[in-house]
1. Looking only at the range 121-163, which residues are assigned to a loop (DSSP other than H, G, I, E, B), under 24 Å from residue 232 (Cα atoms) and free of Cβ contacts under 8 Å to residues at least 40 places away in the same chain?
2. Can you name the number of the only condition in (1) part of a strand (DSSP E or B); (2) more than 19 Å from residue 186 (Cα to Cα) that residue 38 fails?
3. In the range 253-264, what residues are surrounded by 16 or more Cβ atoms within 10 Å (Cβ to Cβ) and in contact (Cβ under 8 Å) with a residue 24 or more places away in the chain?
4. Of the conditions (1) farther than 30 Å from residue 225 by Cβ; (2) in a helix (DSSP H, G or I); (3) modelled with pLDDT of 95 or more, residue 325 fails just one. Which one is it?
5. What single numbered condition from (1) assigned to a helix (DSSP H, G or I); (2) assigned by TED's automatic domain parsing to the domain that holds residue 242 fails to hold for residue 301?
6. Which one is surrounded by the most Cβ atoms within 10 Å (Cβ to Cβ), of the residues in the range 72-104 that are part of a loop (DSSP other than H, G, I, E, B) and more than 24 Å from the chain's Cα centre (by Cα)?
7. Looking at 175, 208, 196, can you tell me which residue is closer than 16 Å to residue 126 by Cα and either at pLDDT below 95 or assigned to a helix (DSSP H, G or I) (or both)?
């Protein structure tokens, strides 16, 4: 059961967001989950282009349904004077403004950080860009897979046959998370000091942080970690092995105590504990091929369920290698009640995952996903526009 928005931690906070695609919508949806009023500004007619990424969720985009629950949608032509006037009225009443417009677009619309800070000194401004607002690549377009390439992430994923993209929009998600936490920090700072500080996040720098460990490894080791599929580049054994029934089981050994237990009770090879090829994690990585041969032979003798039970009994972390269908039916999600229905445009209810952070005594808002411009008339009415004025703006294609 979700709580009413006024009972949630961010009740009373209003966010206006000119957002599209993934990064900014991911940040603002999390604010909405916590009770903030999020007003999503979309193009008249077509709206956020992420609405058309696919049509798999009862005609709606899987991306858009994931990222936009609990928001209000208002359509505005920001190239028109009337549209910018309405936006200014919204910002005058807002606490947070988020934008991830194309490079240079915010400044051309008079929505740059300096201009807005002068007009609305108590407004927390958040800009999500590709490569930052300065520097030689500030004007370049940036999308998730481009960031995976530029940070070297795709050179770390895949296997010996070639590189691969990470299967989710990881750069967008990283940037959205940093935007979300940056906004929360800025709101806290404003509450404690009275100063509204601007927040800037780039997709490139967000993902750069996430590849810092292989960056350290490469800088100081002379070579980058290899691509080895489901194996771990710097820890062994840590990877997936095929059991006798054809299913894969992934296991990991994190210390020498676990290694000894694996040798003695799972591999049934106590002699390997004293084998200098496998004495330390670094030794096991250096002799990965020999180690994998031993593990593969043992897994070939066991069914996946038997292997998992034995590893559990020994205290070795392990997991079956699921596909998305397996994940959807995961017993942890079912037992912990992590699926909750939300409404999408047209009134259909679909299951959505609760936010991963639980706050004691509160439940997240799990509101409907808005249709394009669904709340335009109500929002304009709240700003004092009469119905005749709203009709005129619609006739002029401002909304």
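1. Residue satisfying the conditions is 161 alone.
2. Failing condition for residue 38: (2).
3. 253, 258, 259, 261, 262
4. Going through the list (1) farther than 30 Å from residue 225 by Cβ; (2) in a helix (DSSP H, G or I); (3) modelled with pLDDT of 95 or more, residue 325 breaks only (3).
5. All conditions pass for residue 301, except number (1).
6. Per the criteria, the residue is 76.
7. On the way: 208 fails: closer than 16 Å to residue 126 by Cα; 196 fails: either at pLDDT below 95 or assigned to a helix (DSSP H, G or I) (or both).
The match here is 175.
Matching residues to (1) under 30 Å from residue 45 (Cα atoms); (2) touching a strand residue (DSSP E or B) at 6+ places or on another chain (Cβ under 6 Å); (3) at pLDDT below 95; (4) not in a loop (DSSP other than H, G, I, E, B):
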{"position": "341", "(1), (2), (3), (4)": "yes, yes, no, yes"}
{"position": "369", "(1), (2), (3), (4)": "yes, no, no, no"}
{"position": "391", "(1), (2), (3), (4)": "yes, no, no, yes"}
{"position": "398", "(1), (2), (3), (4)": "yes, no, no, no"}
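The values are calculated or read from the model by the stated rules, or taken from the named source; none is laboratory data. Being a predicted model, the structure only gives us computed values, none of them experimental. A quick note on method: Cβ atoms are made from the backbone with ideal geometry, for glycine too, and the neighbour counts reach across all protein chains shown.
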